[in-house]
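Data first, discussion second: the structure below is written as structure tokens.
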């Protein structure tokens, strides 16, 4: 009997499909914005673009696909365009760390130790110009960075790269900022807001028919024949466009993955509607596989400690001392020498994965503990 899955990685947030249904128009728009850069890059000015829309509606994948199309256009003209994509939830923190990552992606030959943030950008611009290379920078989750950092000057820096050496061409042709909303505008000063601009490209949520189409395409790659029916796909699509999920296709893919895992564990020949309903009732859109992928090892251990403390106490909320105890036990088992759980709980709170009412009331945002813990521990053991 064939198994449930053909290739479960096709449901992973890391997987970028060859075809991107219902976002071709947006890809064409982005490519059009930068199209003249491929024919006369030295005369093409630094161009800033904002892409705005809800979580899980294809913003990042669309921009990445657009960047690849632009790289191909440059190559056709015997020019080199490099793309630096940074997810600021995952790789952010502060300006120095972000600019160091830019150097590693775009100018790996340059040392970054001992350089100020401004020097890193200046060296990067000089390196690209000396080596006749061009670059496109993609800053994903910029609203998250601005909301969690007191320093919003990264926007001012990156939107004025052409002013570092105004008498010379700027070989960074574009900076694309991706965000979920423009609420972060209120945290910017007038100069930063002016350089960023106020006319973003807005992505609208997928319709029910579009979600069904996207999920059908992905299921053909992920599941074996007859392992999943159109009734299940349609039900997941309806759940996806509900107010609770708010059109997040990544949650839909998680739901299909977990329902498939449940079908395997129960030994059924195909995924059933009851299995989908059970998984949906036990999981929360606020904790997706993508969120888990973005956590550091110590953050994962801290989240597992919260889960175990809640399971042990069998209460909705637990005290910080309970979490410390479980975190210490886990750290000892895993060989982690230093574990400052409070720092990691703060980050989990910012990411809205846990709820902190006080040191005596810490809980999770509705995730099923029995479903979540093995997923987290598997990620922890991967290192």
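Derivation of every value follows stated rules applied to the coordinates shown; laboratory data play no part. All figures in this text were calculated on a predicted structure; none of them were measured in a lab. When we count neighbours, we look across all protein chains shown, and the Cβ atoms used for this are built from the backbone with ideal geometry, even at glycine.
Odds and ends about this structure:
- For segment 139-280, the alpha carbon convex hull comes to 157 Å³ per residue, rounded to a whole number.
- Convex hull (Cα only) mean projected area of segment 25-104, reported in nm² to one decimal: 6.2
- Dimensionless Rg/Rh of segment 1-138 - Kirkwood Rh, Rg from C-alpha atoms: 1.03
- Computed with the Debye formula from one identical point scatterer per Cα of segment 289-381, without solvent, the log10 of I(q)/I(0) at q = 0.21, 0.22, 0.23 Å⁻¹ comes to -1.01, -1.13, -1.25.
- Relative contact order (%) - the chain, alpha-carbon pairs under 8 angstrom, separation at least six: 19
- Look at 270, 344 and count the other Cβ atoms within 10 Å of each Cβ; fewest to most, that gives 270, 344.
- GNM top mover of 216, 358, 230 - the chain, alpha-carbon springs below 10 Å: 358
- The protection proxy used here, the mean number of other Cβ atoms lying within 10 Å of each residue, ranks peptides 290-296, 134-140 as follows, highest first: 134-140, 290-296.
- Square roots of five times the Cα gyration tensor eigenvalues for segment 60-215, Å: 26, 22, 15
- Most fluctuating residue given options 330, 253, 102, as computed from a GNM of the chain linking Cα atoms under 10 Å: 330
- For segment 185-224 and segment 2-42, distance of Cα centres in Å: 13
- Among beta bridges that DSSP assigns inside the chain, antiparallel share in %, nearest 5: 20
- Segment 292-348 versus segment 105-162: alpha-carbon centroid distance in Å: 34
- Remark: relative contact order (segment 1-125) = 17 percent; criterion is Cα-Cα distance under 8 angstrom and separation of 6 or more residues.
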